[in-house]
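Structure record follows, encoded as structure tokens.
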Amino acid sequence: RMQLNRRTAITGALGGALAAGPFAGFANASALSRTGALAGAAVGTLVPVPDARDGVVRLELPAGFSYRSFHDTSTPITLRDGTRLPGRHDGMGAFAGPGGSVLLVRNHEVNNPQPAFGPTKPYDKRGGAGTTTIQVTKYGEVQDAYTSLSGTMMNCSGGQMPWGAWVTCEETVNGPDVGPDFTGASNVPLQKRHGYVFEVPAGGLADARPLRKAGRFAHEAVSYDPAEGVLYLTEDNFAFPSGFYRYVPRERRDRHRNLDHNGQLQMLAVAGRPQAHLEAHQDTETVHDVVWVDIDEPDFEFPYTPGEPAPTSNDTAINFVGDQGRAKGAAHFSRCEGQVLHDGVVYFTATQGGGAAMTGPDNVNGYGRGWGQVWGYDTRTQTLRCVYQSESREVLDFPDNVTTSPRGTLVLCEDHDQSNYLRGLTTEGDLFSIARNAMAGREGDEFAGSTFSPDGHTLFVNIQASRGLTFAIWGDWASIGV
């Protein structure tokens, strides 16, 4: 267990763990529910640590930990295939590579129509996002790097498949058939519809084929349940209610090492509570029974004239899939983002959950909610519980990407406008700090893409900004409870 000077137990008003049933290992955790859990209580003891790359302090870590940064796009970087490395490093998966190395498949969340990067055949010649694959040692020394998928847009997070592939997610519905998104940039130059997930083989090149029946919406992350062959999907619909989805294959495809393109998309609903407002403040003891409603039209295209602005608004398009589910009673969440499956439970974050319900005029304003929730969906019992809820940004501020350590501790990436942390959340409900972004003038740049090497030695994580970079962090993880 971690030393007390490096973590603070943040337990719920009812205290302790559930005696039995789903999530029995998770305390009823709700920050600030006891005296003393105030600003800074969960920060823990972190110290400035110089980067092994150049000696510059970029992170604060527990004493005895080390790191090396790489692929820092503050200066131009050219990969071995001639790719000019884009920035905005985001979601990432880690796979076993040759000779004890690690293969990282990394997203680049680039938005707005622009030329595709890299030499591979792009999905859309005017999509500027995609993935790069990096072969690296467990100490962050780059051995190889190349483009593995190009021509997509806003590749946010994703998830690892057990057969050795990364599924990357487009967090957009941009296309020539819909109007400008929040940036105001015209979509007329785009040649393809976006808003899909794509499979990228670790160590290989993607075929740039979208999984259309898994829906066209603002995808964030996926996780795969090998017991049932089901793909779970989160939606980050910034200004509107978001949903939690699953994609049920018609045929189990594990043995074929790819995903079934003829499955059924479904959306989570709470049994007996149509359109349950789960974005609102939750009782972390409550376990919800879940039902799944079918999405009848997961893919769509609106009429448009090539070369002319589309008559359909981006807001209409981004809600097209979710509105179908909500019409059948699907639940409301606030910005579902990162997710990971551990021991039969899918843990996912609702980045702004825990505040007021999205009703009335608030329905068009993504801000003004809570400071974040962590949900657990038990795939075996089909039950759902909010396992952690932040009541202060000083304790946990907008949890986004998430991964799990070999010991079951969740690693949460913060993404807000103050100094961002990597937080650890144990199954006892203990919240503590793993790292702080200490980059001078860039402390508000978000952490993203946390993932452990297959042997658990190294935690890889990105700083996502136009000037992105990746970290390899190592140390005695067991000593701090990770």
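The values are calculated or read from the model by the stated rules, or taken from the named source; none is laboratory data. These figures come from a predicted structure and were not determined experimentally. In this analysis, Cβ positions are derived from the backbone assuming ideal geometry, glycine residues included, and neighbour counts consider all displayed protein chains. Just the protein is used for accessible areas: all its heavy atoms, side chains included, with ligands, DNA and RNA removed. Shrake-Rupley method; radii C 1.70, N 1.55, O 1.52, S 1.80 Å.
Worth pointing out:
- Selection count, region 392-425, where residues are of a type in the set (Asp, Glu) and surrounded by 24 or more Cβ atoms within 10 Å (Cβ to Cβ): 2
- Filtered by the rule that a residue be of a type in the set (A, V, I, L, M, F, W, C), within 16 Å of the chain's Cα centre (by Cα) and open to solvent by 40 Å² or more (accessible area, probe 1.4 Å), region 301-348 gives a lone residue, Leu341.
- Sole residue being outside any loop (DSSP other than H, G, I, E, B) and among the basic types (Lys, Arg), chosen from Arg423, Arg407, Arg393, Arg442: Arg423
- Filtered residues of region 367-382 (kept if open to solvent by 10 Å² or more (accessible area, probe 1.4 Å) and modelled with pLDDT of 95 or more): Thr379, Arg380, Thr381, Gln382
So that you can scan it fast, the table gives a plain yes or no per residue for (1) crowded, with 22+ Cβ neighbours inside 10 Å; (2) of a type outside the set (S, T, N, Q); (3) modelled with pLDDT of 95 or more:
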position: Val173; (1), (2), (3): yes, yes, yes
position: Gly179; (1), (2), (3): no, yes, yes
position: Val197; (1), (2), (3): yes, yes, yes
position: Pro210; (1), (2), (3): no, yes, yes
position: Leu231; (1), (2), (3): yes, yes, yes
position: Asp254; (1), (2), (3): no, yes, no
position: Asn258; (1), (2), (3): no, no, no
position: Asn262; (1), (2), (3): no, no, no
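- Among the residues examined, Arg126 qualifies as touching a Leu at 6+ places or on another chain (Cβ under 6 Å), part of a loop (DSSP other than H, G, I, E, B) and in contact (Cβ under 8 Å) with a residue 60 or more places away in the chain.
- Within region 426-439, the residues that satisfy the criterion of being open to solvent by 10 Å² or more (accessible area, probe 1.4 Å) and in a loop (DSSP other than H, G, I, E, B) are Thr427, Glu428, Ala438, Met439.
- Matching entry among Ala310, Ala239 (being farther than 22 Å from Gly370 by Cβ, aliphatic (A, V, I, L, M), out of contact with any strand residue (DSSP E or B) (no Cβ under 7 Å at 6 or more places or on another chain) and assigned to a loop (DSSP other than H, G, I, E, B)): Ala310
- Where Asp181 falls short, out of the listed (1) assigned to a loop (DSSP other than H, G, I, E, B); (2) touching a strand residue (DSSP E or B) at 6+ places or on another chain (Cβ under 9 Å); (3) among the acidic types (Asp, Glu): (2)
- Some residue of region 264-285 being of a type in the set (Asp, Glu) and open to solvent by 70 Å² or more (accessible area, probe 1.4 Å): yes
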